[in-house]
Amino acid sequence: MNVFFIDNDHAMNRYHEIILAETAGRQNVSLSFSDNPIQALKLLGDEDPFPCVIFLDINMPLMDGWEFLETYGQSDFPQDVAIVILTTSRNPEYKERADQIDLVAAYKTKPMDVGYFEEIVGTYCRGER
């Protein structure tokens, strides 16, 4: 199983990699990271197996999370993957907007914690939804 993070914040990616490595290993989950959403779309085409969860930041340069979701939704990628918005924004309008997008499985503010990661993996990677 594979979980993919898309976030331009290198420090946050490293943080998630460190705190989730042990848990991911125990659950036989590999972690992939991209700091560029445009590049992430290309990388996703090479992911085998395709990620069961994509954690997506909203506020990024080049292409924001909303644009990524739009592009992803128009692609040939699996449309049943769980995309979880993972953002520092506490803007209620973002949450409302995310709730209107079928691709978005959940909305969470950073940083991720091990318990939430385990919940998401259990739900979307192990078919317990």
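The values are calculated or read from the model by the stated rules, or taken from the named source; none is laboratory data. Because the structure is predicted, anything quoted here is derived from the model rather than measured. Glycine gets a Cβ as well: all are built from the backbone with ideal geometry, and neighbour counts include every protein chain shown. Just so you know, the surface numbers come from the protein's heavy atoms only, side chains and all, with ligands and any DNA or RNA stripped out. Shrake-Rupley method; radii C 1.70, N 1.55, O 1.52, S 1.80 Å.
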Along the three principal axes, how long is segment 68-129 when you take its alpha carbons, biggest first, rounded to the nearest angstrom? 32, 30, 15
Packing-based order for 57-68, 112-123, using average beta carbon neighbours within 10 Å, highest first: 57-68, 112-123
Of the beta bridges DSSP finds with both residues in the chain, what % are antiparallel, to the nearest 5? 0
Can you give the relative contact order of the chain as a percent, counting alpha carbon pairs under 8 Å and 6+ residues apart? 26
In Å², rounded to a whole number, the accessible area per residue of the chain with probe 1.4 Å is 52
Given a 1.4 Å probe and every protein chain left where it sits, what share in percent of the accessible area of the chain is carbon and sulfur? 45
Diffing segment 37-43: the Karplus 3J(HN,Hα) column from phi (6.51, -1.76, 1.60, θ = phi - 60°), in whole Hz with x for Gly and Pro, holds x, 5, 5, 4, 4, 5, 5
Sort the chain into rounded, prolate or oblate with this rule: let a ≥ b ≥ c be the square roots of the eigenvalues of the Cα gyration tensor; rounded if a/c is under 1.5, and if a/c is not under 1.5, prolate when a/b is larger than b/c, oblate otherwise. rounded
